[in-house]
Every structure is written in C-alpha cells, then in structure tokens.
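One structure is given below, encoded as structure tokens.
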Number of protein chains: 2
Amino acid sequence: MIYIIGMGLDSYKDISLRSLEILKKADKIYFENYTSLQQKPISQLEEYIGKPIVICNRDSVESEDFFFKEALDNVIVILVAGTPLFATTHIGLLVKGREMNIPVEVIHNASILNIYGCLGLYSYHHGKTVSIPYFTEDWRPLSFFNNILTNIKCGLHTLCLLDIKVDENRYMSVNEALNQILSIKNDVVNEKYKVFAVCRFGSPDQFIKYGTIEELIKINFGKPLHSLVIPAQMDTIEKELVEELYGNKL
Amino acid sequence: MIYIIGMGLDSYKDISLRSLEILKKADKIYFENYTSLQQKPISQLEEYIGKPIVICNRDSVESEDFFFKEALDNVIVILVAGTPLFATTHIGLLVKGREMNIPVEVIHNASILNIYGCLGLYSYHHGKTVSIPYFTEDWRPLSFFNNILTNIKCGLHTLCLLDIKVDENRYMSVNEALNQILSIKNDVVNEKYKVFAVCRFGSPDQFIKYGTIEELIKINFGKPLHSLVIPAQMDTIEKELVEELYGNKL
C-alpha cells in the first residue's frame, strides 16, 4: 500500500488527523521536496511522530520501482509539500499502482490554489495558471506571458507560480519574476500595472501586498515561496474588496 | 479572535493538527453548512473534541455582527466544509475584522479545486471554473455554458461546480447537470462528448467516471456532492494518462 500525503503549506501541524493515523502505521516514510517547499523543517514532523523520514530526490520518485517493490509488503508513505497531484508529477505513481495492482491513496491538502478567493477576487474569474521559469541568456520562453495576456484580454486573473530549483537552493522571488516580466516588451503589463505579491501563503508569516510593479519590485519580501497574482480588469465588488483588504487606505 | 477553519472534504479526520489545537482553546464553535457539504455528520467532530458545535445559517454568517460581538472577549471558530475562502462568501468576515480591529485567521484545507491534476489532465490546462445552477421554468441562465464553450475553444478544461440548496436538501447530481447541458442547443457538447463525473471527491467512497454524456447520464452516482469536469482537446500525454486511469481498458 502506498499513501501520497499532502503536507499543506507551513509545518507538520498542517497535516490532517487522517494523515497522522496513516503515518503511525507506516513502515517507511519518504519526503519529496523538489516540487514545492515546506516552510518548516521536516525534522519537526520526525520528532512529532518519532519515526525517521527519508528525503528523496526527483530521480528516486520518478523511477518509482523503488517504492512499489517496498509497497508489496509494507505501508509506504510519500509526503509532498502542499497537495500531491496538482503538479501531476506524481500521477505516474497512480498509473503504476494500477498496473501493479498496488493500492495508491492520495490525501489532499491545501495548496497555493487556495489563494483563489483570498485576495477579494472572485475564484470564478481566475483563468489559466502559469509558471514563470528562470530566464537564462539563451532561453527566454514567453508562453507564460502570452497566457497572462490572453487571461487579461478575457477578463481573467492569473495565478503565477514561480520557478524553484531545489538542488541549487534557488526559489524565484517576486522581484526576480517582476524583473523578468518588465524585460518583455508589451503595452499591457508595464511598471504602472497593479499586481499581488503573495509570499509564504498559508504560513503564520504570510505576506500579501498589492501595488504597482514599480512599487513592489523595490520591496524585500523575505523567504520563499513567493507567487504573483496578475489581475485582469476587476468588477465593482472585486475592486471594493481588494481596496478594503489590500488598498493603501489600510 | 476569529478563526475560519476549513474542514476538508470528508470527515473530522481531515482537519489539521493546527485546527485541532485551535478547537481545543475555542470558546464557541460554529459550523457553516450552506456553501458546501461535509460527507460525515458534524456530530462526529463534536464527540471527538467534546465540545458543542452550533450550526449556523446563511443569515447569521452574513449578518456577521453576531460573531464579532462575541469575538471581542472570546476565541470564536467558524468551521467551513472544504476550504473557507474559495467561494468568497466569507471574505466579508476578513473585511469586518479589519474594520473592527479583531484578528481573523484562516486555516486553509483541501477543496474541490484539488481535483486539478487528479484526472490526468494538466492543472495548467484548466480554465475558468463555472457553477451550474438549477434551471427553473422561467430561469435558464446560460452564462456558465458560454464559459464552458469559451474554455473548450481556448483548449482549456472546465471544472463545473453543481448547485446546492441546503435548505431544500437538494444537491445537483451529475445526471441533472448533464440533462440541463443537453437541453442547451449547440454543436459542441452533445451526447457523444466525453466528460468526467466526479462524485464525493476526497472521501473514501469517491467515484470518478470518464465517458460520453449519454453513457454517464444513465449511471446512478449515489450521494452528493457531485461535480463535472468538461475537458477540452487533450494533448498526447493527457490522453495517455486519462486512458490509463479512467479509460475503458481498465
């Protein structure tokens, strides 16, 4: 049996009672830390449950055979920061489980998608989510930006996930993302465009700031993870809510 | 102090350790049951924490004053099935809290949005979410359907939330939703179009079925909550994953 358990956004305290029951009966516990980032160290959970947790890398999860061999006779848990299947990275585990007739159960949790609604924007007005990758000198993919422009044109807000490179300990900041965006010539998303910086969402030190790109780009937002929400034209109620919650009057 | 706590998708076991700590110190606990549905009775949580939970209706939550008066001297919890802010119904509580200088903290949890990625479809290929309302004889709003068609045209999948009327104990079934869709004349989403029925997502008796509308419309999917996902054209990898996980070959 394999359980893929979402750990939520901040610490081991975000796991559910159901997840805790599973961890108690687990024979082996793995922690996958390359698709997202847990704010607090995994050692806190190790201490809390009194069992060792093995950190595994992309290769070991993607080779999979590894887990399935063990899962024939053991209860295996794979812990994932946030919620497990959003990035579809782990959907291969479900497929393999079917093929090998080994049950794979997913325990969902909160993820960055929970930001929908929190900003005062209607969840129904969110369009396609995009990922902003680190540009290099000779690699500047612009499809994410075209998707943002299409969303704006259709009146839809865009949640932008920012690149993470765990091996290099690089997590794209709001500032880096905004610099990349400003480097793309266009008539819509310029210095005066107002966006939301969303930092450490769901943690006690969560910080959300709404302002023009030129304002936000100067702020030090602190530790990762950071995200951006680029709103399209808001309707009257959205404007009011955003102003009340994140406007300059507060 | 007010905490708005997401209960997740199935039972009290889906609350987090952090939520449990808050419930233990709470002076008064309310349960809001009209924006979503918890699969298991709230009495299970009452028994588990050994405290009474007051069920409150839309009026009492929306009048708000009620909670804020109590919150001046007490720790108040408002429990919400799923996750609190997705529907923006409760964002008024955040605004009021700011105005009255009473802290309002939100504890996020899994919600129907966690279906993204679970079907084998890329999360990034999901467009605008829609709600399908119950049609009446003289009220047949079609904006949801236009949004589905726009998503399809743009190559984006649509998560469709189905109407709930808690006071009348009516929760729209997949069958009712599909019947309403077929009643709308169009050349795209017809009997042969393949969609996903998503039933009791996140519960142990979760049931997901992929098939043509004419196939699905005949199936009894059991208890609420039901949702639909209407995919647009899938890419090669999505097709493979969907076939492996939900195709007829299994």
> Looking only at GluC sites (Glu not before Pro) in DSSP loops with at most 13 other Cβ atoms within 10 Å, what is the longest site-free stretch of chain B?
Replying inline: B:1-136
> From the phi of every residue in region B:194-199, what ³J(HN,Hα) in whole Hz does the Karplus formula 6.51 cos²θ - 1.76 cosθ + 1.60 yield, where θ is phi - 60° and glycine or proline is x?
Replying inline: 9, 9, 10, 8, 10, 10
> Considering amide H positions built from the backbone, and no H for Pro or chain starts, which residues 5 or more places from A:Ile78, or on another chain, come under 5 Å of its amide H?
Replying inline: A:Tyr3, A:Ile4, A:Ile5, A:Tyr30
> All other residues with a Cβ under 10 Å from the Cβ of B:Met172 taken together, and with Lys, Arg as +1 and Asp, Glu as -1, what is their net charge?
Replying inline: 0
>> Between region A:171-214 and region A:87-154, how far is it from one alpha carbon centroid to the other, in angstrom?
In response: 18 Å
> Of A:Val54, A:Ile213, A:Asn33, which is farthest on the positive side of the dipole of chain A, counting Cα position, with +1 on Lys and Arg Cβ, -1 on Asp and Glu Cβ, and the Cα centre as origin?
Replying inline: A:Ile213
> What lysines sit close enough to A:Lys13 to cross-link, taking a C-alpha to C-alpha distance under 25 Å and skipping anything fewer than 8 places away on the same chain?
Replying inline: A:Lys24, A:Lys25, A:Lys28, A:Lys40, A:Lys51, A:Lys223, B:Lys13, B:Lys24, B:Lys25, B:Lys28, B:Lys40, B:Lys51
>> Checking the a/c ratio against 1.5 first, then a/b against b/c, what shape does the Cα gyration tensor give for the protein assembly as shown?
In response: rounded
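Between the DSSP loop rule and a limit of at most 14 other Cβ atoms within 10 Å, which trypsin sites (Lys or Arg not before Pro) in region B:121-185 are left?
On the way: sites: B:Lys128, B:Lys153, B:Lys165, B:Arg170, B:Lys185; in loops: B:Lys128, B:Lys185.
Within region B:121-185, the qualifying trypsin sites (Lys or Arg not before Pro) (loop, at most 14 other Cβ atoms within 10 Å) are B:Lys185.
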>> Spelling out what I want: for every residue of region A:146-154, take phi, set θ = phi - 60°, compute 6.51 cos²θ - 1.76 cosθ + 1.60 (Karplus), and round to whole Hz; glycine and proline get x.
In response: 4, 5, 4, 4, 5, 4, 4, 4, 8
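Fewest Cβ neighbours within 10 Å first, please rank A:Met234, A:Met7 accordingly.
Details: A:Met234 19, A:Met7 29.
Placing the least packed residue first, the sequence is A:Met234, A:Met7.
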>> Under the convention of a label 7 Å out along Cα→Cβ, give the distances in nm from B:Lys40 to the same position in every other copy, shortest first.
In response: 2.4
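A:Gly8: net charge of surrounding residues, Cβ under 9 Å, Lys/Arg +1, Asp/Glu -1, itself excluded?
Numbers: positive: A:Lys13, B:Arg18; negative: A:Asp10, A:Asp14.
Counting the neighbours of A:Gly8, the net charge comes to 0.
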> Near the amide H of A:His126, under 5 Å away, which other amide H atoms are found, from residues 5 or more places off or on another chain, if H is placed in the peptide plane?
Replying inline: A:His157, B:Thr129
>> Averaged over its residues, how many other protein chain Cβ atoms are within 10 Å of peptide B:8-20's Cβ atoms?
In response: 6
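Please arrange A:Arg200, B:Arg98 by how many other C-beta atoms lie within 10 Å of their C-beta, fewest to most. Mind showing how you got there, number by number?
Working: A:Arg200 21, B:Arg98 14.
In order of increasing Cβ crowding within 10 Å: B:Arg98, A:Arg200.
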>> Counting each pair of different Cα atoms once, what's the Kirkwood radius of chain B in Å, rounded to one decimal?
In response: 19.6 Å
> Counting partner chain Cβ atoms within 10 Å of every residue's Cβ in B:85-93, what's the average?
Replying inline: 5
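For A:Phe221, what charge total do you get from the other residues with a beta carbon under 10 Å from its beta carbon, if Lys and Arg give +1 and Asp and Glu give -1? Mind dumping the intermediate values first?
Working: positive: A:Arg200, A:Lys209, A:Lys223; negative: none.
Net charge in that neighbourhood comes out at +3.
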> Using a ≥ b ≥ c from the Cα gyration tensor of region B:86-166 (square roots of the eigenvalues), is it rounded, prolate or oblate, where a/c under 1.5 gives rounded and otherwise the larger of a/b and b/c decides, a/b for prolate?
Replying inline: oblate
> For region B:40-112, rounded, prolate or oblate, judged on the Cα gyration tensor with a ≥ b ≥ c (square roots of eigenvalues), a/c < 1.5 rounded, else prolate if a/b > b/c?
Replying inline: oblate
> Against the longest alpha carbon principal axis of chain B, how many degrees, from 0 to 90 and to the nearest 10, is the axis of helix B:91-100 turned?
Replying inline: 30 degrees
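Could you work out Rg/(2.2 N^0.38 Å) for region A:113-246, with Rg from alpha carbons only?
Working: Rg = 14.1 Å, N = 134, 2.2 N^0.38 = 14.1 Å.
Compared with the compact-globule rule of thumb, region A:113-246 sits at 1.00.
Can you pull the mean other chain C-beta count within 10 Å for peptide B:119-128? Please report the intermediate quantities before stating the final value.
On the way: counts 3, 5, 2, 4, 10, 10, 2, 5, 7, 11.
Mean inter-chain Cβ contacts per residue within 10 Å come to 6.
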> How would you rank B:Ile55, A:Ile181, B:Ile49, going from fewest to most other Cβ atoms within 10 Å of each one's own Cβ?
Replying inline: B:Ile55, B:Ile49, A:Ile181
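Scaled to the compact-protein estimate 2.2 N^0.38 Å, what is the alpha-carbon radius of gyration of region A:1-147, rounded to two decimal places?
Values: Rg = 17.0 Å, N = 147, 2.2 N^0.38 = 14.7 Å.
Compared with the compact-globule rule of thumb, region A:1-147 sits at 1.16.
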>> What are the ³J(HN,Hα) couplings of region B:6-23, residue after residue, when phi is run through the Karplus curve with 6.51, -1.76, 1.60 and θ = phi - 60°? Round to Hz, x for glycine and proline.
In response: x, 9, x, 9, 10, 9, 4, 5, 8, 6, 8, 4, 4, 5, 4, 4, 5, 4
> Within straight cross-link reach of A:Lys153, meaning Cα distance under 22 Å, which lysines are found once same-chain residues fewer than 8 apart are removed?
Replying inline: A:Lys128, A:Lys185, A:Lys192, A:Lys194, A:Lys239, B:Lys128, B:Lys153
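Each reported figure results from applying straightforward, stated rules to the coordinates on display, with no laboratory input. The shown structure was predicted, so the numbers you read here are calculated from the model rather than taken from an experiment. For neighbour counting, all protein chains shown are included, and Cβ atoms are generated from backbone atoms with ideal geometry for every residue, glycine included.
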